[in-house]
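The values are calculated or read from the model by the stated rules, or taken from the named source; none is laboratory data. Just so we're clear, the structure is a prediction, and the values are computed from it rather than from any experiment. All Cβ positions, glycine included, derive from the backbone under ideal geometry; neighbour counts span all protein chains shown.
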C-alpha cells in the first residue's frame, strides 16, 4: 500500500489545455519508421530505417464529481479547438499533441461519471528549408567575374597591329620578362611553372597579335580551378600569390620620355601586360582562398587556426587594395566585390576554428607527453611537432611553443 501511495505521488495530473481529468487506461505507440525492400532471388530483405516513428497515445479519460457534465463540456470545447495543444500525461509528462480521432463520450448517470476515449498524436514542427549563402562559392564567383573584367580591360588597351615593329618586339620582351619573374617566384616553384616555361613563352608570343586570345591564355596559365579537389598547401599558395602580385618585379615599367603614337602604344601594352599578370594572380588567390582551412588544405601546419585564416585574409585583401589603386573602373568594381567576398568567407569560416595559445613545457619532453598533458590526447603529437617545426619528436625544448586552444 505504501508503495502504491509513493507511486501516485510521482504522477502528474492529467490534463489537456488545462482541463483536468483522470486516466483509467492508456496505450502508447512508439518505435521506428522502416521500409522493407524485397528483391527477386534474394532470401533476406533489406530494411531501411527512416527515423523515429510518430508517437501515438490512446487512453480513457474519466471525469467524476457532481459537475461531471460541466467537466465534459469543458473538455469537449478544448478538443474542438483548432491546432495542437499541451497534454500533461501522468507518465510521459508535458507534450504538444493533436487530436487524431474524434473523442467518444459515454455518460454514466448512475455512478455520476463520464468516460472519453481519446486518441492523440504528437505534434511536429512545420519547418521549411532555409536558404543560406555559400561564402566559398561566392568567392569563386567573384574570382570568375574579376577574371572576365581583367581580360576585357586588357583587350581594350593592348594592340600591336598598325604600329611599328618595335611595338611587337617590346610586347614580346615584356611577356618573356613577366613569365620569367613568375617562374622564379615562390608561387612559380610551388605550382611548377618553370617546367613548361619554354613552351608557354613560345605559345603566348604567337598570340601577341590577338589580344583576346593572348589575354585568356595568360589567365589560363595561372589557372588553379582544375586543382580545386587536390590536396595542396592552399594557405601558402594564397599568401605567395598575394605577395608575388605586389612584388617589385610585377610593377609596370615607367613610360618612355619620347612621345610618339608607337611609343605611347608600347607603353600602354606594357602597362596592360603587367596589370593582367598581377590581376591573374589575384584572381587565382581569390578562388584558392575558398579552399583555405578545408580538408584539401595541406598547409605546413596540420590544422589552420583562426589567426592563420585571418592572416591569409588580411594579406590577400591588402594585395587587392594595392591593385585597386591603378585598376580601370570595371576591374576596380570587380576587385571590390572580390574583396568583400574574401572578407566574408574567411571571416565566417574562421569563427569556428581554434585559436593559438602559447605553452612553455617545464622541461625537455617527448611530443606525445606534451600533447597528452595539454590536450589529454597523446595522438596529437604530430600536430604539435609540425606546427612548431620541432626537430625531433622525442625532444620538445623547454621554450614557448604554439598550441591550439582545442
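Quick notes
- Residue within the range 348-358 that is part of a helix (DSSP H, G or I) and within 30 Å of residue 277 (Cβ to Cβ) present: yes
- Among the residues of the range 26-58, those that are touching a residue at least 24 places away in the same chain (Cβ under 8 Å) and either loosely packed, with under 11 Cβ neighbours inside 10 Å or part of a loop (DSSP other than H, G, I, E, B) (or both) comprise 27, 30, 53, 54, 55.
- Of the set (1) touching a helix residue (DSSP H, G or I) at 6+ places or on another chain (Cβ under 9 Å); (2) without any contact (Cβ under 8 Å) to a residue 40 or more places away in the chain; (3) over 29 Å from residue 31 (Cα atoms), all apply to residue 63 but (2).
- Taking the criterion of being part of a loop (DSSP other than H, G, I, E, B), within 17 Å of residue 25 (Cα to Cα) and either without any contact (Cβ under 8 Å) to a residue 12 or more places away in the chain or out of contact with any strand residue (DSSP E or B) (no Cβ under 6 Å at 6 or more places or on another chain) (or both), the residues of the range 84-126 that qualify are 91, 92.
- With respect to being within 25 Å of residue 339 (Cβ to Cβ), crowded, with 19+ Cβ neighbours inside 10 Å and under 42 Å from the mean Cα position of the chain (by Cα), residue 132 falls outside the description.
- Residue 342 being under 30 Å from residue 400 (Cβ atoms) and in a helix (DSSP H, G or I): no
- Residue check for residue 283: surrounded by 22 or more Cβ atoms within 10 Å (Cβ to Cβ), part of a loop (DSSP other than H, G, I, E, B) and modelled with pLDDT of 85 or more: no
- The residue that is farthest from residue 369 (Cα to Cα), counting only those in the range 380-406 that are in a loop (DSSP other than H, G, I, E, B) and in contact with a helix residue (DSSP H, G or I) (Cβ under 7 Å, 6 or more places away or on another chain), is 390.
- Condition met for residue 290 (farther than 26 Å from residue 212 by Cα and in contact with a strand residue (DSSP E or B) (Cβ under 9 Å, 6 or more places away or on another chain)): no
- Wholly enclosed helices (runs of 4 or more DSSP H) of the range 137-255 bearing at least 3 residues modelled with pLDDT of 85 or more: 165-184, 211-221, 234-246
- Members of the range 377-388 found to be in contact (Cβ under 8 Å) with a residue 40 or more places away in the chain and either surrounded by 15 or more Cβ atoms within 10 Å (Cβ to Cβ) or within 15 Å of residue 356 (Cβ to Cβ) (or both), listed by number: 383, 386, 387
- Residue match in the range 320-336 (condition: closer than 25 Å to residue 134 by Cβ and within 20 Å of the chain's Cα centre (by Cα)): no
- Number of the condition not met by residue 374 [criteria: (1) within 25 Å of residue 268 (Cβ to Cβ); (2) surrounded by fewer than 21 Cβ atoms within 10 Å (Cβ to Cβ)]: (1)
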